[in-house]
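No value in this document is a laboratory result; all are computed from the given coordinates. Model, not experiment: these values are computed from the prediction.
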Amino acid sequence: MKNTGFIALFAAFPAALCAQTPALSQLAPAAVRSAAAPEVPTPAAVRAGEDRSVLLLLDPRTGKTIAVIPAGGGFIYAATGKFQPAVYNGSGYVLPGGQFLPALGGSRAPKPDGLTGRWLGWGEWTYQGSGARCDMKLEFEDTPDYLLRKGGYFDCGFAALASEPARFAKKGSQLLDEAGNPAGSYEGGVVTLREAYGADVSITTTIKADGLHFDYSEIWTVKDGSELYVITGRLFTGG
């Protein structure tokens, strides 16, 4: 995420960064949740299921799609990592209360509109070797002429990051910011964005799309080349 009017995090984070004026358009200030980074490990069930095929289900009550990871005796919600007991009948899942969720497709199905839509998932924010789990959501509009980051939100427990809208014009494989300056690339399902947070901190974001999910990486680098923060995650299409 990139234009960050970032938050004062906890005392261990460099005060100089927290004092900078926002220079970009990616992260807006958000509330600090606690004074120390919590230890929130990724659930074992999620780790075990991350590489399994993802299945899209339809919730007839809302008309929305749900990304799930099939598991023994039910499935795991891709956005939350929570296990749901259910019975698969060949065309979808039947929940304990009798509700039927029909299957619409799998993770290898092509996504014709690129990154367009809402993406939900989870990840980790790492600072000097310590990490905290983050619930992540992002939304994009992907057209032949531009890539629009419509916004998003990363809730990492000790802090929350609000992703502000940003529009990047497409010129071949290049992505240009609103001033027409090179801001990254989009080629072969891989998006790379390079943005600045003040004079001394740069942010590189990489999105690697694969069917109905993408892997996300965001690295904050200070002027001397050292890494300040690393945010990684996997997000699934949420419709």
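Here are some notes:
- Mean separation of Cα contacts under 8 Å, 6 or more apart, over the residue count of segment 150-232: relative contact order %: 14 percent
- Above-threshold pairs, the threshold being 21 Å between Cα atoms, out of LYS82/LYS137; LYS137/LYS170; LYS170/LYS208; LYS170/LYS223; LYS64/LYS208: LYS137/LYS170; LYS170/LYS223; LYS64/LYS208
- D_trans [Stokes-Einstein, Kirkwood Rh over alpha-carbon pairs] for segment 139-239, 37 °C, 0.692 mPa s, µm² s⁻¹: 226 µm²/s
- Here the Kirkwood formula, the inverse mean of 1/r across different C-alpha pairs, assigns segment 54-106 a hydrodynamic radius of 10.8 Å.
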